[in-house]
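**Q** Got a structure for you, written out below as structure tokens; questions coming shortly.
The values are calculated or read from the model by the stated rules, or taken from the named source; none is laboratory data. Not measured: the values here are computed from a predicted model. Don't worry about glycine lacking a Cβ; one is built from the backbone with ideal geometry, like all the others, and counts go over all protein chains shown. Surface accessibility is based on the protein's heavy atoms, side chains included, excluding ligands, DNA and RNA. Shrake-Rupley method; radii C 1.70, N 1.55, O 1.52, S 1.80 Å.
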Protein chains: 2
Amino acid sequence: MKNNGSIETGCLHCNVRLSSVFNVLDQEQTQELCAHKSCAVYKKGQYVFTENGLPNGLFCINSGKIKLTTTGYDGKEQILRLVKSGDILGYRALLSNERYHCSAITLEDASICIIDKKYFFDALAASPKLMFEVVKKMSHDLKMAEDHIVSLSQKNVRERMAEALLFLKATYGFEEDNQTLNVSLSREEIADYVGTSTESCIRLLSEFNTDKLILLKGKKISILNLQKLIQTANIED
Amino acid sequence: MKNNGSIETGCLHCNVRLSSVFNVLDQEQTQELCAHKSCAVYKKGQYVFTENGLPNGLFCINSGKIKLTTTGYDGKEQILRLVKSGDILGYRALLSNERYHCSAITLEDASICIIDKKYFFDALAASPKLMFEVVKKMSHDLKMAEDHIVSLSQKNVRERMAEALLFLKATYGFEEDNQTLNVSLSREEIADYVGTSTESCIRLLSEFNTDKLILLKGKKISILNLQKLIQTANIED
DNA sequence: CTTTTTTTATGATTTTAATCATGTTTCTGC
DNA sequence: GCAGAAACATGATTAAAATCATAAAAAAAG
């Protein structure tokens, strides 16, 4: 009898709304929002939308983790973005009135709201504040993408692998033990983010494990030596 | 006695305005815009803005070509975007209220307007249409960046090189002869876009030249066999 | 609880592209 | 026009990472 909180109580009491782009809405606007959304539960591994599909709304993640991937025509996947609760999803194609250029697949069971397209556009036009929030989100994603381009161009696989682990930490954080990455990805999925072969990914993770930078336990990865990992990633900050 | 058209006649008669995000403004709004911009001429190789600088306005390219680059901390440059007349420049940092994360450098003499920051934000809030235009631009840049990520992850240098030439064609088009790319980049700059070494870039261009895919004449590159180049780039469309 | 499939692991080999080295051509400033 | 610098070119060598191959471990299916 598990229930999705946001279905029961509505957006006004949705705890992730406050950390989403919709935090700028007032009470009345929030109720409007609530009237134009519907929620759904997705099982792990389900598609939320697929490449080339037409958007008919904005997705907002209530809970769960999602990967955005494209398929190179040789079949190899590329993970472009990782999405977490409070994030909006599928906004790019929606806003530019295009088909999705990537697919969204849940990495675990998820609860996701879909906000009506027409309502969302009206809300954006009516609320510059909301629009700026969305713009900030897109701006952030663009910056991340361009940072990724620089890494792919200039760093070797080892550096990118370390960077990817730091990225996972930054995105999903740690579990209660304060060192285990709060997300489970297969080696292949990590490789699809890093832009390397599955074998190289496995090899490097093994190596990091041997060197006590990380601890591998099945799909669970713990970061044992953050400082060393940052060094390995070759990050300037 | 060459004069910058937009200084003399104002935005209302600016011929690139119509192909810019500002094409959605009406006559009155355009005059407003005109009152809040200033124009400047840049010599080839000049910085329009630099990494870590604070934006205080939106740049709009009247004429000229510009590269957006970041410097990896080992000193290697990465060309992230190429900008042409009618394009806006420096919008990402401005909109997200951040420092520039890349530098803008002119590839040839250029004439560039700078639109006052405060005015621009007000105009955006007042005109959802304008905002949507800017959003579409950013959305396009994000898509391009993500396509670039997939290429860097999954394609080899030869494929990426062919792709880069097609990208230059798509961005700047041909000269009057209908086959010579209307932009002059050094081999190093091309390498900085493709994500390879200068030597590899030179080698591959030579090879394409030998194979009659392209014709090299100094910095000028002509595309002789577009079909074959598309095949070499391994593009699905 | 087995069987089958998928994922992880690791070694050997090959391919790709970077790096190093050197020479030539082209551009730039005087 | 000439000197020096920068850009272009090409060969040789090395390094990095993909691919191929095989096997163990883990997960899923029956």
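**Q** Which of the residues belonging to the range B:185-207 are within 11 Å of DNA strand C (Cβ to nearest atom), away from chain A (no Cβ under 14 Å) and buried (at least 18 other Cβ atoms within 10 Å of the Cβ)?
**A** B:L204
**Q** If you don't mind, another one. When you scan the range B:122-154, how many residues do you find that are open to solvent by less than 40 Å² (accessible area, probe 1.4 Å), more than 8 Å from chain A (Cβ to nearest Cβ) and more than 15 Å from B:V24 (Cβ to Cβ)?
**A** 1
**Q** If we scan the range B:227-237, do we find a residue that is in a loop (DSSP other than H, G, I, E, B), away from DNA strand D (no atom under 13 Å from the Cβ), under 15 Å from B:V157 (Cα atoms) and within 14 Å of chain A (Cβ to nearest Cβ)?
**A** Quick first cut of the range B:227-237, residues in a loop (DSSP other than H, G, I, E, B) only: B:234-237.
Now restrict to residues that are away from DNA strand D (no atom under 13 Å from the Cβ): B:235-237.
Still in the list and also under 15 Å from B:V157 (Cα atoms): B:235.
Filter once more, keeping what is within 14 Å of chain A (Cβ to nearest Cβ): B:235.
Checked against the condition, which is being in a loop (DSSP other than H, G, I, E, B), away from DNA strand D (no atom under 13 Å from the Cβ), under 15 Å from B:V157 (Cα atoms) and within 14 Å of chain A (Cβ to nearest Cβ), the range B:227-237 yields at least one hit.
**Q** Being under 10 Å from the mean Cα position of the chain (by Cα) and open to solvent by 20 Å² or more (accessible area, probe 1.4 Å) is the filter here; which residues of the range B:83-99 pass it?
**A** B:K84, B:S85, B:D87
**Q** Given the condition modelled with pLDDT of 95 or more, more than 14 Å from every other protein chain (Cβ to nearest Cβ) and in a helix (DSSP H, G or I), answer yes or no: does some residue in the range A:211-225 qualify?
**A** For the range A:211-225, residues modelled with pLDDT of 95 or more, more than 14 Å from every other protein chain (Cβ to nearest Cβ) and in a helix (DSSP H, G or I): absent.
**Q** If I ask for residues that are within 9 Å of DNA strand D (Cβ to nearest atom) and assigned to a loop (DSSP other than H, G, I, E, B), which ones from the range B:160-196 would you list?
**A** B:S184, B:L185, B:S186
**Q** Let me ask you something else. Can you list residue pairs whose Cβ atoms sit under 6 Å apart, with the first residue in the range A:196-212 being within 15 Å of A:N225 (Cβ to Cβ) and the second being near DNA strand C (Cβ under 7 Å from one of its atoms)? Count only pairs 6 or more apart in sequence or on different chains.
**A** A:N209/A:L216
**Q** Also, quick follow-up: What number of residues in the range A:97-143 are within 25 Å of B:A93 (Cβ to Cβ), among the hydroxyl-bearing types (S, T, Y) and assigned to a loop (DSSP other than H, G, I, E, B)?
**A** 1
**Q** Take B:S38 and tell me if it is in contact (Cβ under 8 Å) with a residue 40 or more places away in the chain and within 19 Å of B:Y172 (Cβ to Cβ).
**A** Answer is no for this residue.
**Q** For the range A:208-224: of the residues being surrounded by 14 or more Cβ atoms within 10 Å (Cβ to Cβ) and either more than 15 Å from A:D177 (Cβ to Cβ) or not assigned by TED's automatic domain parsing to the domain that holds A:E188 (or both), which is farthest from DNA strand D (Cβ to nearest atom)?
**A** So the residue we want is A:L213.
**Q** Tell me, which residue of the range B:144-159 that is touching a residue at least 60 places away in the same chain (Cβ under 8 Å) and either assigned to a helix (DSSP H, G or I) or within 13 Å of A:L80 (Cα to Cα) (or both) is nearest to DNA strand C (Cβ to nearest atom)? Explain how you work it out, then say what you get.
**A** Taking the range B:144-159 and keeping what is touching a residue at least 60 places away in the same chain (Cβ under 8 Å), we get B:144-145, B:155, B:158-159.
Those still in the list that are either assigned to a helix (DSSP H, G or I) or within 13 Å of A:L80 (Cα to Cα) (or both) too: B:144-145, B:158-159.
Numbers: B:M144: 21, B:A145: 20, B:R158: 5, B:E159: 8 Å.
Top of the filtered list is B:R158.
**Q** On to the next question. Please find, among B:K76, B:K65, the residue that is outside the structural domain of B:A191 (by TED's automatic domain parsing) and modelled with pLDDT under 95. Please lay out each step first, then the result.
**A** Working: B:K65 fails: modelled with pLDDT under 95.
From the options B:K76, B:K65, the qualifying one is B:K76.
**Q** How many residues are part of a loop (DSSP other than H, G, I, E, B) and more than 8 Å from chain B (Cβ to nearest Cβ) if we restrict to the range A:79-96? Spell out how you get there, then give the answer.
**A** From the range A:79-96, those part of a loop (DSSP other than H, G, I, E, B) are A:84-87, A:90, A:96; that's our starting set.
Narrowing the set further to residues that are more than 8 Å from chain B (Cβ to nearest Cβ) leaves A:84-87, A:90.
Looking only at that region, the number is 5.
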